[in-house]
Amino acid sequence: MRHADRNKTTGSTDDQTIDEPAEDPVQSGSIVVGLDGSVASNRALAWAVAEATRRQRPLHLLCARETYIGAAHLDSSVAWTDPSLDALDSSLTVVEEAREYVKTVSPDLQVAFSRPWGRPAQHLVVASRVAEIVVVGSRGHSRLASVVLGTVSLQTAAHARCPVIVVREGQPEHPAGSLKIAVGVDGSSDAREAVRFAMRTAGPGGDVELVLAWWLEVVDGVVVTTPGTRYWEEIEARHRVTIQNALGALPQEYPQVNIEVTVSRGRTEDVLLKAVQDVDLLVVGSRGRGGFAGLLLGSVSQHMLTIAPCPVAIMVNRREDD
């Protein structure tokens, strides 16, 4: 556990000296978790700690301090210049409480933190350029809080350069040991990356169910709706090839992970929802095969983020700067 050193920042109003903990840059390969002190944030912290411990990766606690005024560029920062605003800032308390939690549940975990000025999603996206995973909590701020995805989680999932795990209030805690994971497959590059992520994340003895949904298929001018027919079997066989292509050599790379394949006719959201009733994590691509270049987060991904009973990992296939 890294203990906070102290540095000093001078207020502009009366040259008063304010002690501030020294902060850390985001280390490459870290598990980054966004904090704000909410219930969902605390649940995300628990997930991030467990995943960082399992992966033997450093953990980075990021608690952004809203500026309310100032530049909005992704890389912008605004200095703390007014001591009178100190009462509005609870970020240090949030970070210290998080560090105490980590010390209790995973004392050997390497921990760093930062409290940058600016919008939380912006800094989480910047951190995702070097992070292995970003974990965020999600909560709504309206009467539809149970079904409306929080702004920070949605923006982070849409723009991040690494996988983002979104944890909502009331979802199960990260289990000890291996995980049971469902992953949506559709033949897209994002889906192939999602399968690899799921296989690695499940861990030895874990379970990965590859789920592919199809709805409207036409063969020889006929809309296929009858199970057991030759056309139906041809469609399912073709989709199983898609799943095998997504798997590639991963079964040999992760021989201790149990694999199950589900090909089902139905709306993608309905099929996935049925598959995730008893899993620890759902993994989906950001856009899917039907997404277009300007679409940052597909409808299926957004829908599952709001209704899945388990945390959802959103995969991205774009490490480059946009």
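The values are calculated or read from the model by the stated rules, or taken from the named source; none is laboratory data. Just so you know, these numbers come straight off a predicted model, no measurement behind them. A quick note on method: Cβ atoms are made from the backbone with ideal geometry, for glycine too, and the neighbour counts reach across all protein chains shown. Note: accessible area is taken over every heavy atom of the protein model, side chains too, but ligands, DNA and RNA are not part of it. Shrake-Rupley method; radii C 1.70, N 1.55, O 1.52, S 1.80 Å.
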Do you know which residues across the stretch 90-110 are open to solvent by less than 10 Å² (accessible area, probe 1.4 Å) and in contact with a Leu (Cβ under 7 Å, 6 or more places away or on another chain)?
VAL95, ALA98, VAL102
Taking the stretch 196-232 only, how many residues are closer than 17 Å to GLY285 by Cα and open to solvent by 40 Å² or more (accessible area, probe 1.4 Å)?
2
Would the stretch 192-206 turn up any residue that is farther than 30 Å from TRP47 by Cβ and not in a loop (DSSP other than H, G, I, E, B)?
no
Candidates ALA213, ALA194, ALA237, ALA202 - the one that is modelled with pLDDT under 95, of a type in the set (A, V, I, L, M) and within 21 Å of the chain's Cα centre (by Cα)
ALA194
If we keep only residues of the stretch 265-300 that are in contact with an Asp or Glu (Cβ under 9 Å, 6 or more places away or on another chain) and polar (S, T, N, Q), then the residue modelled with the highest pLDDT is THR268
Pick out, from the stretch 88-185, the strands (runs of 3 or more DSSP E) lying fully within it that include 1 or more residues that are modelled with pLDDT of 90 or more and among the hydroxyl-bearing types (Ser, Thr, Tyr).
111-114
Flagged pairs (Cβ under 6 angstrom, 6 or more apart or on separate chains; first in the stretch 198-215, in contact (Cβ under 8 Å) with a residue 24 or more places away in the chain; second acidic (Asp, Glu)) are GLU209/GLU260
